[in-house]
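The values are calculated or read from the model by the stated rules, or taken from the named source; none is laboratory data. Computed from a predicted structure; not experimentally measured. Positions of Cβ are backbone-derived with ideal geometry, glycine not excepted, and every protein chain shown enters the neighbour counts. The area values use the complete protein model at the heavy-atom level, side chains included, leaving out ligands, DNA and RNA. Shrake-Rupley method; radii C 1.70, N 1.55, O 1.52, S 1.80 Å.
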Amino acid sequence: QWIYLNGDFVAKEDAKISVYDHGFLYGDGIFEGIRIYDGNIFRLKEHLDRLYDSAKSIQLDIPLTYEEMQEAVVETVRRNELRNGYIRLVVSRGPGDLGLDPRRCPKAFVIIIVEQLAIYPEEAYRNGLVSISVSPRRNIPDALNPKIKSLNYLNNILVKLQANLAGVGEAIMLNAQGYVAEGSSDNIFIVKKGVVYTPPCWVGALEGITRGAIIELCGKLGYPLREEPFTLHDVYTADEVFFTGTAAEVIAVREVDGRTIGAGKAGPITTHLLEEFRKIVTVDGVQ
Ligand code: PMP
């Protein structure tokens, strides 16, 4: 396995970063998770757009142009000879001193890792996940703006810890006002009376690439889609609930906080969206 480390390709065992890297010391950096489906890097452009936007927002100078970054990703995939897998692209502030001042970090550090992906078993897509709502709140826009895909994931880790404790795969995070925001690493959708709802990102959700693809598919397939804030009550009483994310794709939820959702398995619209999503993943991207 070859890891892209700031311009070099190194073996996994030799892929190391400085203990002075501010990505490590302060979570000062950004990242992307991207899928490769049958040699197609799904929506690479959208992921790179989000990466460069995140960088701009935190005044991080990515030492590669957009084209060089695209080429670095493609080359890392090629070297690893993986036709299906997952890409983790990280840009950290780079090595500095122990103070948190980013001016002490002369050059950002770029890492690209490509590997196999452990995904949910196919059975989970048919039967749906059990989920819970958790107490950590999705931060509201300032430093931890959900639009910035930063290396500060402690809040999401707290969500994951509660999910682990309850023995569930993904959990539902609310924002400070109590509106449903997203999962620990997935966006959330509900379906009621044929209408598909997802929280607008300003409620406290990452502008997920999968979320965007599902919104587009709803348009194409004729499902009315509303970006509207909603509460746990709306989740409990929905006909269908599903999460979307690069790793999870479109995964149904059959139970939330002990309430059975709809028929207690993947609903028809969720199933249809997953089917159609799996048709576009091999074509809509960079080959
Ligand atoms: N929300 C959060 C907090 C995430 O980290 C992710 C990415 N794993 C998502 C949503 C889903 O976004 P995407 O579809 O771009 O993977």
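In the full protein context, the chain carries 47 Å² of accessible surface per residue, based on a 1.4 Å probe and ignoring ligands, DNA and RNA.
Treat the chain as a sphere of radius equal to its Kirkwood radius over Cα pairs and apply Stokes-Einstein at 10 °C in a medium of 1.306 mPa s; give the translational diffusion coefficient in µm²/s, rounded to a whole number.
81 µm²/s
Apolar share of the accessible surface for the chain: 53 percent from carbon plus sulfur atoms, 1.4 Å probe.
Using the Karplus relation 6.51 cos²θ - 1.76 cosθ + 1.60 with θ = phi - 60°, the per-residue 3J(HN,Hα) values for region 208-225 come to x, 5, 5, 3, x, 5, 6, 4, 4, 4, 4, x, 5, 8, x, 8, x, 10 Hz, with x marking Gly and Pro.
For the residue pairs Lys45/Lys160; Lys193/Lys265; Lys56/Lys107; Lys149/Lys220, alpha carbon separations beyond 19 Å are given by Lys45/Lys160; Lys149/Lys220. Rounded to the nearest 10 degrees, the angle from helix 44-57 to the longest Cα principal axis of the chain is 70 degrees.
Taking only the Cα atoms of region 8-128, the radius of gyration and Dmax are 15.9, 51 Å. Using the average count of surrounding beta-carbon atoms within 10 Å as a protection proxy, the listed peptides 190-197, 145-152 rank, highest first, as 145-152, 190-197.
Our helix-only sum for the chain, with -39,500 (n - 2.57) per DSSP H run of n ≥ 4 divided by its residues, gives a mean residue ellipticity at 222 nm of -8500 deg cm²/dmol. With the alpha-carbon atoms of region 122-286 aligned to their principal axes, the span from lowest to highest coordinate is 38, 36, 27 Å, starting with the largest. Taken one residue at a time, the phi angles of region 69-78 give Karplus couplings (6.51, -1.76, 1.60, θ = phi - 60°) of 5, 4, 5, 4, 5, 4, 5, 5, 5, 4 Hz. Gly and Pro are set to x.
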